[in-house]
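What follows is a single structure, written as structure tokens, with notes after it.
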């Protein structure tokens, strides 16, 4: 029997990460997933997630691929690619359909008609953008909200609210070309915040309502869950490298020194801790203020009992969770990455690549049917009530 293996590819501003996961099926223990290979390389040729030099990006992917192949002892020919950066955006729209059956029972065809109507309403926002995911967030039958799938329920008029997660077409195409130039076929693409949420958030947190905030080098990306469904995906153009800039300017030191001061590797009279902490706190507070404004714009500030879960390379800098708690008035903590002790990865910065590989093994990822009922929305349905 052929082995079931999937590779997740996360191309960040500072690092390229590959994670290779294998599905193991045993008659006694059932089905388990095991990390068999990882690859890590310095990112080159990127700025704010955009490709500025495709050849350098390809070289970085090739280096990470070599490492992953060496540890996994299998050739890597295909993979699942994360799409992130500031080109990631969202659009919302509602669509409706008159129930087609004579007995007024709603079918999958009615859902597709309502989804198409929503897509047409949102189409002005798709200029130069590609729809990565089309996620139904709420259904109403004759004006009454329905929890879960409305299929089989009777009514006259079906309304559907949809979240469209988009990215710049040029950006996605450039990323795919860079990966495929490294001789890795891109099977499908997933928005980075959703890939990270796949492994960093529990079903209970998603159901109760929460924000997953990933503090990267040049961006902060968030995904907001409510009742088990992602209701918003947003990226803000600020990140942990801006903290380094603030320290360098404030203390009048080099960027290299400022980076070491930021992470606590340099101390002394030249680098007063209180002053450094103030620089960090001011920038982190700015990040969470942006998130707070976004929550207010959605009308969802407050009713998120699971609070804010913080991940990414910037999650361990300073008193991040305390600042988040104070700014958003919500519970806050740093994400936990629960893996067995013998795994090849150690922290939550690998969550996106790992989540992609899991999605590749467990989700419906037929890219040819992207759009209405996209791969992620079909994967999502297994978590709906």
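The values are calculated or read from the model by the stated rules, or taken from the named source; none is laboratory data. In this text the structure is predicted, and so the values were computed from the model without any measurement. Note: ideal-geometry Cβ built from the backbone for every residue, glycine included; neighbour counts use all protein chains shown.
Numbers at a glance
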{"quantity": "Test: residue 281 is crowded, with 19+ Cβ neighbours inside 10 Å, farther than 30 Å from residue 138 by Cα and modelled with pLDDT of 90 or more", "calculated": "no"}
{"quantity": "Residues being in contact with a strand residue (DSSP E or B) (Cβ under 6 Å, 6 or more places away or on another chain), outside any loop (DSSP other than H, G, I, E, B) and at pLDDT below 90 - total across the stretch 5-44", "calculated": "7"}
{"quantity": "Yes/no for residue 178 being assigned to a strand (DSSP E or B) and either surrounded by 21 or more Cβ atoms within 10 Å (Cβ to Cβ) or under 16 Å from the mean Cα position of the chain (by Cα) (or both)", "calculated": "no"}
{"quantity": "Verdict on residue 140 being at negative phi, free of Cβ contacts under 8 Å to residues at least 60 places away in the same chain and either surrounded by fewer than 17 Cβ atoms within 10 Å (Cβ to Cβ) or touching a helix residue (DSSP H, G or I) at 6+ places or on another chain (Cβ under 7 Å) (or both)", "calculated": "no"}
{"quantity": "Test: residue in the stretch 150-172 that is in contact with a helix residue (DSSP H, G or I) (Cβ under 7 Å, 6 or more places away or on another chain), in the same structural domain as residue 359 (by TED's automatic domain parsing) and part of a loop (DSSP other than H, G, I, E, B)", "calculated": "no"}
{"quantity": "Test: residue in the stretch 105-116 that is crowded, with 18+ Cβ neighbours inside 10 Å and assigned to a loop (DSSP other than H, G, I, E, B)", "calculated": "yes"}
{"quantity": "Lone unmet requirement of (1) surrounded by 16 or more Cβ atoms within 10 Å (Cβ to Cβ); (2) assigned by TED's automatic domain parsing to the domain that holds residue 154 for residue 127", "calculated": "(1)"}
{"quantity": "Any hit, the stretch 192-210, residues being touching a residue at least 24 places away in the same chain (Cβ under 8 Å), assigned by TED's automatic domain parsing to the domain that holds residue 226, more than 21 Å from residue 353 (Cβ to Cβ) and assigned to a strand (DSSP E or B)", "calculated": "yes"}
